[in-house]
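Every read-out reported here was derived from the displayed coordinates using simple, explicitly stated rules and does not represent laboratory data. In this text the structure is predicted, and so the values were computed from the model without any measurement. When we count neighbours, we look across all protein chains shown, and the Cβ atoms used for this are built from the backbone with ideal geometry, even at glycine.
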Amino acid sequence: MPYYNYTGYDAEGKIKKGVLEASSSAQAIDRLTERAIIVIDVVQSTERGKSKKIVPLTLEGHIMFCRSLASYLRSGLPLADALKVLGKQTTDKKISAVYSVVLEGIEGGKKFHAALQECGAFKETLLRIVESGEQSGSLIHVLEQVADQFKLEDRLLKRIKKALTYPIAMMVIGTGVVAFLLVYVVPKISVLFEDVGQTLPLPTRILIALSDFVANWGITTLLIVSLILFIMKRRRKSIPLPFMKALRGRLTLSLVMTHLATLLKSGIPLVQALKMASVMDSNPARWMEASDLVKAGHRFDRALEKLGFTEDVIYVIRVGEMGGDLTTALSNVGETNWEIAESQMDRLATLIEPVMTLALGFSVGFIVVSILLPVFNISGLVR
């Protein structure tokens, strides 16, 4: 639908200007009249959105948005007024632009989740949860719950970054040292060895070959790798690491189960909740299949059993489902897997540091030994 720039007076006689989405100027005037605005002028907008650069919100931005909005709604403010207050409170122009676009969608007659989706700055998870909250009439409650969920994700990401800071710094420094030795030191020493006219030891020949490769193709290789990583980031793909598979599985299961519990508490049926929660998994097909099995009459624990979930998960779900408290069971599964994932992450972070130290020591040691071996051989010939 087109957008219209409007000018008018409110009930207090103050001038009001803004943008409104409507199918026609007549509908725009009707909607403004419903909001007690005396319309002076309504003109179709052709520049809508060009002056506002919308950037995706960070997890911290999502947390602040959900908690603040839930707080204002709980105090009795209408949704549009709450968004206006949020927009005025923030000092970040980019975030203010996001709130402004969402507000325009709400004032244009869109549902809240549709306005969030059109904005393009929010996570798919939030869109589905807000949609469920609107359908069940528990928007405030689900906003508070999803804020807690985002808080857990943010805390875990910060822990991962903190754990990887030292290994990454060591890797960068070590790579720089090794590259310096290969590009500047080894070529100068290899010239001396060539004058000797003796067959060099195998490690030395390997080192000289590596040095030639880095000198001739190092920059090209670095550019190709950077380009591949950039393309993967744009396509939101990651490099599969075998030792991370179990950790990713635990985190995904935790997020999906926690999300399911939130949706069921909001009054969403299990079949629909499974479809909504599937977006949090990189393999949503299994949750869609579970939804179809539940729809066909299977108990949820039986559906998970058919799909190959572990026995510990199935047992907790079975007890909760048969006891009539499935939401608590789902929350327990989510919390348990989250704790296991955190423990695995701590162990992984503990192992990374010595591994990086050993790798750096091996690289430098190999270079030193490769340089010294022909020196020892030359010393033997002199004797």
Fewest-first ranking of W338, W287, W217, using other Cβ atoms within 10 Å as the exposure measure: W217, W338, W287
Cα shape, segment 268-340, gyration tensor, a/c 1.5 rule: rounded
Efficiency of FRET between T357 and T199 - r from beta-carbon atoms, R0 25 angstrom, step 0.05: 0.15
17 Å Cα-Cα reach of K93 towards aspartates and glutamates, excluding residues that sit fewer than 8 places from it in its own chain: E60, E104
Helix axis angle, 139-180 relative to the chain longest principal axis, alpha carbon, degrees: 20 degrees
Angle in degrees between helix 245-265 and the longest Cα principal axis of the chain, rounded to the nearest 10: 10 degrees
The chain: proportion of alpha-carbon pairs further apart than 27 angstrom, %: 65 percent
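Report the calculated FRET efficiency for T350 and L373 (r = Cβ-Cβ distance, R0 = 22 Å), to the nearest 0.05.
Details: r = 36 Å, r/R0 = 1.61.
So, using R0 = 22 Å, E works out to roughly 0.05.
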Radius 15 Å from Cβ of K275, net charge of other residues (Lys, Arg +1; Asp, Glu -1): -2
Likely footprinting exposure, R128, R248, R234, fewest C-beta neighbours within 10 Å first: R234, R248, R128
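Nearest 20 debye, what's the magnitude of the dipole of segment 59-150 about its Cα centre given +1 on Lys and Arg Cβ and -1 on Asp and Glu Cβ? Show your work: numbers first, answer last.
Working: 10 positive and 11 negative charges, 33 e Å.
My answer is approximately 160 debye.
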Exposure proxy order (Cβ contacts within 10 Å, fewest to most) of I317, I140, I106: I140, I106, I317
Hydrodynamic radius by Kirkwood, which averages 1/r over all alpha carbon pairs of segment 92-212, in angstrom: 20.0 Å
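Per residue and in cubic angstrom, what volume does the convex hull of the Cα atoms of segment 59-150 have? Provide the component values of the computation, followed by the final result.
Numbers: hull volume 7.7 nm³, N = 92.
Taking only Cα atoms, segment 59-150 has a hull volume of 84 Å³ per residue.
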Net charge contributed by nearby residues that have their C-beta within less than 11 Å of E321 (K/R +1, D/E -1): +1
Angle in degrees between helix 124-136 and the longest Cα principal axis of the chain, rounded to the nearest 10: 20 degrees
K158 versus I54: modelled label distance in nm, points set 7 Å from Cα along the beta carbon direction: 2.9 nm
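What pairs in K110/K162; K17/K151; K151/K233; K233/K306; K16/K265 have C-alpha atoms more than 31 Å from each other?
Numbers: K110/K162 41 Å; K17/K151 37 Å; K151/K233 24 Å; K233/K306 34 Å; K16/K265 40 Å.
In this structure, K110/K162; K17/K151; K233/K306; K16/K265 exceed 31 Å between Cα atoms.
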Estimated 222 nm signal from helices in the chain, with DSSP H stretches of n ≥ 4 weighted -39500 (n - 2.57), rounded to 500: -24500 deg cm²/dmol
Environment charge at S343 (Cβ cut-off 14 Å; Lys +1, Arg +1, Asp -1, Glu -1): -1
